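Step one of this worksheet: look at the structure below.
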Amino acid sequence: MSTIHFSFELFPPRTPEGAAKLPATVARLAAVQPAFFSVTYGAGGSGQDGTYDTVMQVIGQTGIEAAPHLTCVGSTRAKIAALLARYKAAGIRRIVALRGDLPATASSPSAPGEFHYANELVAFIRETHGETFRLEVAAYPEMHPQAANPAQDFDAFRRKVEAGAHGAVTQYFYNADAYFDFVERCARAGITVPIVAGVMPITNYTQLMRFSAACGAEIPRWVRLKLEALQDDKPALLDFGLDVVTRLCETLLKNGAPGIHFYTLNQAEPTLKLWKNLGLPAPQA
Ligand code: FAD
């Protein structure tokens, strides 16, 4: 059986308090030896320096690989080339290559700037840097919210793989069937890159509903209703969320997911509780 990879996503801290807390969070997560960390870019207004600094901080602190996310929306070839040169010089060898979210005012799904879709970014990185970077791209088992239909969204995913992506990480989901259906579609289309499942721990009802409305993740009705009822009872909500997501991860792992990418939201506890529930190796001192 091939090794299952676990990775942890962070975002660049947005406040001095967030920055002060991050090293302790990273230390706790690093103790379970993930395959790599990744650091978002642009999301919530974080800029290039925040991502770069957080990536370098994580590597310096833990010695574990850290991969920057790189979005191309509104950018130019020259800017992306400069950023790639910076990452290459810093020894970075993995990038999560994305289009990024469009400005709220956008009237077309084609991004403004010199890159319109993530496949163009992947092609550009491969043309200019060959195999220097391992490239991960986003996959959407429940369909990207701006896609016209599932078939077109799948074609868009296939184009990213054909452009040279080495692997994919999915948007989070709570319906395991959507993930396995996507993986089956990939197999039928001859797509063999690993499709790692993105998993979001459940810790906050309002935040989960907001994120999910924006990114198109479906919260099963029974889960939503129960979370809604528990929103003023934090310990009960955390327990219920942990049960739901533990079962999801067990189903994914039992049925062959090649890895899980945890959206940690810069919190160690929810991910480590899942880790423990799944019986994964204990943290090392
Ligand atoms: P694409 O693959 O380009 O797809 C975007 C949309 O365009 C889809 O609807 C697709 O179906 C459609 N499309 C693609 N090609 C074509 C075409 N030729 N013609 C017509 N339609 C087409 N966002 C951030 O801002 N920062 C981050 O760090 C970040 N990290 C993420 C990490 C992961 C693992 C995931 C799953 C998402 C992340 N996102 C991040 C969100 C992501 O940027 C958004 O979902 C964005 O709207 C789409 O990016 P993409 O790379 O999937 O785009």
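The values are calculated or read from the model by the stated rules, or taken from the named source; none is laboratory data. Just so we're clear, the structure is a prediction, and the values are computed from it rather than from any experiment. Virtual Cβ from ideal backbone geometry, glycine too; neighbours counted across all protein chains shown. Surface areas here come from the heavy atoms of the whole protein model, side chains and all, with no ligands, DNA or RNA. Shrake-Rupley method; radii C 1.70, N 1.55, O 1.52, S 1.80 Å.
What to note about this one:
- Between the stretch 63-88 and the stretch 240-257, the Cα center-to-center distance that results, in Å: 33 Å
- Within the chain, helix-based [θ] at 222 nm, where runs of 4 or more DSSP H residues each add -39,500 (n - 2.57), nearest 500: -15000 deg cm²/dmol
- Per residue solvent-accessible surface (Å²) - the chain, probe of 1.4 Å: 47 Å²
- Carbon/sulfur fraction of accessible area - the chain, other protein chains in place, 1.4 Å, %: 53 percent
- Residue (of Leu237, Ala90, His261) at the positive-pole extreme of the stretch 5-277, dipole from beta-carbon charges: Ala90
- Within the chain, longest stretch free of exposed trypsin sites (Lys or Arg not before Pro) [DSSP loop, at most 15 other beta carbons within 10 Å]: 94-285
- Entries of Lys21/Lys234; Lys79/Lys276; Lys160/Lys234 with Cα pairs more than 30 Å apart: Lys79/Lys276; Lys160/Lys234
- In this Cβ point-charge picture (+1 for Lys and Arg, -1 for Asp and Glu), the chain has a dipole of about 400 debye about its Cα centre.
- The candidates Trp222, Trp275, arranged from most to least accessible area with a 1.4 Å probe in the full protein assembly, appear as Trp222, Trp275.
- Sites Ala285 and Ala20, calculated FRET efficiency, Cβ-Cβ separation with R0 22 Å, nearest 0.05: 0.45
- Dipole orientation for the stretch 1-140: of the candidates Gly130, Pro103, Phe11, Gly130 has the Cα lying most toward the positive pole (charges on Cβ; Lys, Arg +1; Asp, Glu -1).
- FRET E, pair Leu225, His166, Förster distance 41 Å, beta-carbon r, rounded to 0.05: 0.55
- In the context of the full protein assembly, Asp177 retains an accessible surface of approximately 120 Å², using a probe radius of 1.4 Å and ignoring ligands and nucleic acids.
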